[in-house]
1. Considering every residue within the range 235-247, establish whether at least one is surrounded by 15 or more Cβ atoms within 10 Å (Cβ to Cβ), within 23 Å of the chain's Cα centre (by Cα) and not in a helix (DSSP H, G or I).
2. For the range 70-106, which residues satisfy the criterion of being without any contact (Cβ under 8 Å) to a residue 40 or more places away in the chain and over 30 Å from residue 18 (Cα atoms)?
3. Return yes or no: is residue 212 in a helix (DSSP H, G or I), more than 19 Å from the chain's Cα centre (by Cα) and at pLDDT 95 or above?
4. Just checking, does the range 171-184 include any residue being modelled with pLDDT under 95, under 30 Å from residue 49 (Cβ atoms) and touching a helix residue (DSSP H, G or I) at 6+ places or on another chain (Cβ under 7 Å)?
5. Being surrounded by 24 or more Cβ atoms within 10 Å (Cβ to Cβ), touching a residue at least 60 places away in the same chain (Cβ under 8 Å) and closer than 13 Å to residue 395 by Cβ is the requirement here; does residue 324 meet it?
6. Checking residue 36 against (1) under 28 Å from residue 20 (Cα atoms); (2) in contact with a helix residue (DSSP H, G or I) (Cβ under 8 Å, 6 or more places away or on another chain); (3) surrounded by 17 or more Cβ atoms within 10 Å (Cβ to Cβ), only one condition comes out false. Which one?
7. May I ask you to verify whether residue 277 is closer than 30 Å to residue 30 by Cα, in contact with a helix residue (DSSP H, G or I) (Cβ under 9 Å, 6 or more places away or on another chain) and in a helix (DSSP H, G or I)?
């Protein structure tokens, strides 16, 4: 996968940009957030302002975008995050961005490895050390993670915070779990469904679980208050930035929107969320150290990847607990019945397709010129949109097996 990204996908993108005159700067998704944080904290400038957006484009694209050029990207790369993201980036604002890039890239690698170990801990799965290393290597060698590392996407950081939250909940450290989940709301669209369910879960046994709710609500309130202090009226500016983003991108599309149509995609997304809410209501009393509870977390994150209005592969890092849970119950799925085996085979093929085709491209590079390889740049991505659905299907198959293994909460 590393070979595919470095020697097939990126050269194709570079050649395509040269052909069409598309600007390419540092192309770091961290850069708009970092520059906005630097200008706000050091120079008290509004990170949502059009002037700062043009400065962001100078670094991200190499020049400001020109609406008169039809080949220029539509994404303006404005600062479309909650202001409190600047507090996480505050230690870096006095450093040169190239140094920040290197450090952040290594940070994403480390937190991704930590996410694998944290999810294993929350699932109470203790495989041999060699298996843990293999799982970490496979995760780092997945296209969503590689894309996130290359782009320096905060989705990987959010995924690690959610993993830490799950591990803390499994261990009974509810207060700290709520604090970490509040910090994960720097990308609210990825965290809102799981936060909503966990708040419902905490209210279902308030005397024992209230610390999670207090940790989450108090931390989020503190972050919002601090953001208001450094940039009064930031919430309105944030809403305007989100509205502008949807306008200049033509409306961000979810996985379901792309697979069917935007209209039917919204209908299916609404149905998926309704089913998720129904299941979540039924499972709201499950203890945090149960496999059913972890299953619900994995399902919520997988549905989030399907319905969130952004079909970028790097968001699929949230599928990690679902994949690990499936791996943990693989033998049970395989021996259940013939239909289960067929569904498992199909889902596994869809999930493993990127690795299989990347391996074939690596072997083909020994015999074919680079130009021929680059023509196949899209092949490993053919099943990307189907992967979240495959994980949801596998989790559904896992449910009956998990329910038979442990008693349900009353």
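The values are calculated or read from the model by the stated rules, or taken from the named source; none is laboratory data. What you see is a predicted model, and the numbers here were worked out from it, not measured in a lab. All Cβ positions, glycine included, derive from the backbone under ideal geometry; neighbour counts span all protein chains shown.
1. Checking the range 235-247: not a single residue is surrounded by 15 or more Cβ atoms within 10 Å (Cβ to Cβ), within 23 Å of the chain's Cα centre (by Cα) and not in a helix (DSSP H, G or I).
2. 91, 95
3. On the way: in a helix (DSSP H, G or I): yes; more than 19 Å from the chain's Cα centre (by Cα): yes; at pLDDT 95 or above: yes.
Criteria met by residue 212.
4. Looking for residues that are modelled with pLDDT under 95, under 30 Å from residue 49 (Cβ atoms) and touching a helix residue (DSSP H, G or I) at 6+ places or on another chain (Cβ under 7 Å), one finds none in the range 171-184, hence no.
5. For residue 324, the condition - surrounded by 24 or more Cβ atoms within 10 Å (Cβ to Cβ), touching a residue at least 60 places away in the same chain (Cβ under 8 Å) and closer than 13 Å to residue 395 by Cβ - is not met.
6. Result: residue 36 fails condition (1) only.
7. no
So that you can scan it fast, the table gives a plain yes or no per residue for (1) more than 28 Å from the chain's Cα centre (by Cα); (2) assigned to a helix (DSSP H, G or I); (3) exposed (fewer than 12 other Cβ atoms within 10 Å of the Cβ); (4) modelled with pLDDT of 95 or more:
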| site | (1), (2), (3), (4) |
| --- | --- |
| 385 | no, no, no, no |
| 393 | no, yes, no, no |
| 401 | no, yes, no, no |
| 408 | yes, no, yes, no |
